[in-house]
Every structure is written in structure tokens, then in C-alpha cells.
Amino acid sequence: MDKDFLWWRDGVIYQIYPRSFADSSGDGLGDLNGITEQLDYIQSLGVDAIWLSPIYPSPDADFGYDVSDYTNIDPRFGTLEDFDRLLQAAHQRGLRIVLDLVLNHTSDQHAWFLESRSDKSNPYHDWYLWRDPAPSGGPPNNWASVFGGSGWEFDPQRKQYYFHMFYKEQPDVNWRNPQVRQAMLNVFRFWLERGVDGFRLDVFNCYFKDAGFRSNPAKTGIRKFDRQEHIYDNDQPEMLPLLEEIRSLLDEYPERYAIGETFLATARKAAQYSAPGRLHAAFNFDFLKYRWKPRFFLNGVQRWEQALHPETWPTYVLNNHDVRRIATRVGKGEDDERLKVAAAFLLTQRGTPFLYYGEEIGMRDIPVRKRSEIKDPVGKRYWPIMVGRDGCRSPMQWNDEAQAGFTSGTPWLPVHENAGQRNVAAQEADPESLLHFYRQLLQIRRNTPALRRGMIITLTNDPRAILGYLRQTTEQTVLVALNFSKRYIPLVLGRELRNADWKVLLSNKGPREAEIENGALPLAPNEACILLRE
């Protein structure tokens, strides 16, 4: 491995939704001790870090994204001592820990908000976005909530409105208040001092709103939120100096990291916030919505690369806790061949790949057939237009025992009906499984400098069925060939490449030779093939 290996740049990060990963207590909810018990499994994958979705005390209006205490652990997940043990055990295995920080808003049960709403003379009175009603009565402006309706909630106690970008139980804080700013920076420092390696910043570019509280311009859309151009309720210029201050704080500690969840993301916007001196990285979510067409993936990579500053490091993700799993989006029944092609794409890009728990065994979304089955408030509100986010948050499928080995009790969400066949234990025993393919990919990536740090050179300009590209350093060249179709198709190579000597590092179709026929590399249906130039 390179001597200058940097975990967040050259490694792979594995996201865990804690309440769904492993339950050590039998109460049906995953917890920190359950994660600690599974660290050997996580290490065996070959990843470098674990990102934990929120584990702080919370009334759970939005499943932990409504935080009532930033410097403690929700008792349902464990204690600070449990977290310290997890952190220590992870570090002993060479695994870093990344925490989710939800700093745009708190819970309405947070001590700050309880004080703030008590009266207008309280020391916390302007820690949130309070406004008087409009002169004609009603909300101060037209800002909407992402989760439906107005973003303003009237508080009878203060006789004012407060703003909430999400649920009314999640009031947005006032980042323009220097005391709020310092309190939030102290949250970073609390966890940094405890040994945490990095942070994922939830909807970070919403921290500041327009100082004049101007209404957003109207546009065409389905929901109220979609019928606005969001130019005054996010992406304010004050965000950039704050990011520089956060980066300066992180740089006081060795090898610390911050990645932002860019709200209403575009590649250009994510690139802006991860320019030098700001965040180390920001998410570009384009790849979470693509249909199974290689040209979409190619165009996405090209847009992302073109948007980035030369010194900025990209990220790639195909799954997370807010969207349908890629196995559900593009999979064909229980067949995993497409998923192997997707995994090869993700893990051979120039950038940091993020995996989502269960992705490595091809977990599918649990079906939601009735409104009464839904736990996610978003799904309840918009049923049947939207089913919410329960599907991608179901319990990890460990084995074919009761509740897939996730819990000895009743799980908070149902286990998928395919868990008896699709689980870690079954795939451990099958050398052709998706799990083994992920492990092989991760090992090849780790052992191949060109896949971690090399430039990317596209070989297909208008792909309709296949995607081919080189990953190249001055010393090493790797060819990645991906067939998205169910037909045999050759990847045509230029003269220099067709005359080179190649060694196959990995194919999901089993052992094969690097034969070049009539100037082209033949690819089987749904084949992912990685070759090293000798």
C-alpha cells in the first residue's frame, strides 16, 4: 500500500443505520454494542471507516434527525461508555468512525428551544428563527417545509412563528447568532476530543437563511416545496466563511474529515462547497436516481469531474438511508449480476466510495403495501404517492434464523421475506456470491494504486450498452469494462490498448483470459471485468 494512504481519500466508507444493523439487547432496535459485536465482519469487508447515522438522544419525530442533546447517546442505542468501547474497538481494527451531525435544526425538545420559546427576554430567545406574523396575519413569508405545508409554525407561548425546513418538531437554529455558532463548533470539538475521526454534515447548506426573510420566487411543481425557487432559504453566502472555520477547527486534529450532505444537490453546488479550504468532500447524489443505462453513469462522472476543483476529491454513492436501494431500483428479481456491475462501477471510480449496510449482500427494500404498515412520517403523509423511507431501512440480514439474526425480539421494522436465502451466512458459504465479489473488489482496489489515485480516461463516448474506462498513474494502467446489457458485446480498443499485454484481475463471470479479438475485448452479458496492463 502507498505510504501516503489517507483513509478518507483512498479508503472506502461503510454507512450504518444503527437501529437496523444489530440488536444486542433483544428490544428490536439496533444498538452500539450490536455494532461492536459485528466489527470483525465489517473489517473483513475491507472498508476503512464506518459512518453512523444519528445516535444522539431524540424524541424520534424524524428517526434521530431531531436531536435533543448533541453530546450524549440515546439510551436506546447505549451510553457514552458504549460508544467509547465501539470507538476503541474500531480503531484497534484500523477502522475510523464518522458521526452524523444534524446542525441545521434541533428537536423542539432540546433545552435550547424550550428556553427560547419560553419568552422573548430569555437568553436563548434568538437562538432560533422567530418572526412576527405578517401584517395581514399568517406566516412571515412563503417558505415551505420539505415534508409538506408551510415552513412556519405559530407558537402560542411566544405569539410568534418559528421556521422549520423539515418537521415542525425540528425548528431551525439561528446560525447568525454568534452564541449559536460557537455552541455548534463546540459540538465538533466535543466529539473530536473523544477521538471521532470525521463527520457527515446533514443538510449543511441550509444553515443560513436570507437575513431579510424574503419570499422565494414561484415556479411550477407538484408539492408546495417544489413550487418555489429556493434562493432565500438555503445556499446563502455566509455559508462559505463558516465552512472555512469548520475546516480550520478540523485541521487542528490529525487526519480528521468532514463531508456534507448537499441540500437540493447538483454536481456544481457540491463542488463549490468542497473546494480547497472548505469541506473535504460533499455528496453528489446524481447516481442515486439513474436508470440502468451506462450513458447516464458516464455523463454523471463527466459532469462531476468537470465541476470539481482540481484539488477536490470526489465521492460516489449508490445507496443511502433516504432512497430505494439500487438492488430494488435496477435488480431483476433475486439475480445479482447487475449489482456486481454496479459494485464494479462504484469501486473503480476516482473518488471515495460510500457503501450502505446490506448493499454487499444485495438487500432489497421491504415492500410497503398499506399505509398502516408505514413508520416513516413522510410516507404516512404522502401515501400512496410516496411510500416513505422504511423500505431501505429494514434490519440487516445476518442468517436464516428468526428475524434474520438481527434481534431476539420483535424488530422495529419487518425483516425482508427473502432473508432466509439472502443473508450474510448464506453468502459467506457461496464463493460466487455478491458478498464475495464485494470483498474481491475491495481487496483489488486496496492493492491497486491506479484504482485509488489514478486519473480516469473514458474509452466510450456514447455508450448504449457498455462502459469502458482506464484508471491510470504514471506507473500503472487498469482497464475497467462493464457490460450493462444482457447480450454479448465487445469493447472496442484503440491500437495501443489492443496491442498491450493484459492480465484479468477480476470478472464476475469467473476465471477468464484477457483475449483481444479483432481489436476488441469480448464481454459476456452483465459482465464486469477489470484488467491490469502488464
Note to self: Can you pull out every residue in region 323-340 that is within 20 Å of the chain's Cα centre (by Cα), assigned to a helix (DSSP H, G or I) and either in contact (Cβ under 8 Å) with a residue 40 or more places away in the chain or over 20 Å from PRO395 (Cα atoms) (or both)?
What the structure shows: THR328, VAL330, LEU339, LYS340
Note to self: For region 487-509, give me the residue count where each residue is in contact (Cβ under 8 Å) with a residue 40 or more places away in the chain and of a type outside the set (A, V, I, L, M, F, W, C).
What the structure shows: 1
Next item on the list: Of all residues in region 341-365, count the ones that are in a loop (DSSP other than H, G, I, E, B) and either closer than 23 Å to GLY388 by Cα or basic (Lys, Arg) (or both).
Entry: 7
Note to self: Condition first: of a type outside the set (Lys, Arg) and at pLDDT below 95. Now tell me which residues in region 501-519 satisfy that.
What the structure shows: GLY510, PRO511, GLU513, ALA514, GLU515, ILE516, GLU517, ASN518, GLY519
Margin query: Just the residues that are of a type in the set (Ser, Thr, Tyr) and either part of a helix (DSSP H, G or I) or in contact with a Pro (Cβ under 7 Å, 6 or more places away or on another chain) (or both), please, taken from region 467-505.
Written below: THR473, SER485, TYR488
Note to self: Considering only region 43-59, I want to know if a residue exists there that is assigned to a helix (DSSP H, G or I) and either touching a Cys at 6+ places or on another chain (Cβ under 8 Å) or charged (D, E, K, R) (or both).
What the structure shows: no
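Suppose we filter GLY198, GLY151 for residues that are farther than 28 Å from GLU245 by Cα, in contact (Cβ under 8 Å) with a residue 40 or more places away in the chain and touching a strand residue (DSSP E or B) at 6+ places or on another chain (Cβ under 6 Å); which single one remains? It would help to see each step written out before you state the result.
Numbers: GLY198 fails: farther than 28 Å from GLU245 by Cα.
Only one candidate passes the filter, namely GLY151.
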Next item on the list: Please report, ordered by residue number, the helices (runs of 4 or more DSSP H) entirely within region 234-322 with at least 2 residues that are modelled with pLDDT of 95 or more and under 26 Å from LEU52 (Cβ atoms).
Entry: 239-250, 267-273
Next item on the list: Those residues that are in contact with a strand residue (DSSP E or B) (Cβ under 7 Å, 6 or more places away or on another chain) and of a type in the set (Ser, Thr, Tyr), I need them from region 87-135; list them, please.
Entry: THR106, SER116, TYR128
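Pick from region 511-532 the residues that are touching a residue at least 40 places away in the same chain (Cβ under 8 Å) and out of contact with any Leu (no Cβ under 7 Å at 6 or more places or on another chain): which of them is surrounded by the most Cβ atoms within 10 Å (Cβ to Cβ)?
Residues of region 511-532 touching a residue at least 40 places away in the same chain (Cβ under 8 Å): 521, 523-532.
Among the residues that remain, those that are also out of contact with any Leu (no Cβ under 7 Å at 6 or more places or on another chain) are: 524-527.
Details: ALA524: 18, PRO525: 14, ASN526: 21, GLU527: 25.
So, considering only residues that are touching a residue at least 40 places away in the same chain (Cβ under 8 Å) and out of contact with any Leu (no Cβ under 7 Å at 6 or more places or on another chain), the one surrounded by the most Cβ atoms within 10 Å (Cβ to Cβ) is GLU527.
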Check: What is the one condition in (1) farther than 24 Å from PHE190 by Cβ; (2) out of contact with any helix residue (DSSP H, G or I) (no Cβ under 8 Å at 6 or more places or on another chain) that SER25 does not satisfy?
Finding: (2)
Notebook entry, point to check: Are any residues in region 80-110 touching a residue at least 12 places away in the same chain (Cβ under 8 Å) and either in a loop (DSSP other than H, G, I, E, B) or over 25 Å from the mean Cα position of the chain (by Cα) (or both), and if so, which ones?
Noted result: ARG93, GLY94, LEU95, VAL102, LEU103, ASN104, THR106, SER107, ASP108, GLN109, HIS110
Note to self: Show the residue pairs meeting these rules: Cβ distance below 6 Å; 6+ apart or different chains; first residue within region 163-183 and more than 15 Å from GLN236 (Cβ to Cβ); second residue assigned to a helix (DSSP H, G or I).
What the structure shows: PRO171/PHE113
Check: Has region 365-378 got any residue that is surrounded by fewer than 18 Cβ atoms within 10 Å (Cβ to Cβ), under 19 Å from LYS332 (Cα atoms), among the acidic types (Asp, Glu) and assigned by TED's automatic domain parsing to the domain that holds PHE225?
Finding: no
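The values are calculated or read from the model by the stated rules, or taken from the named source; none is laboratory data. All values derive from a computational prediction rather than experimental measurement. Cβ sites come from the backbone with ideal geometry, for glycine too, and all protein chains shown count toward neighbours.
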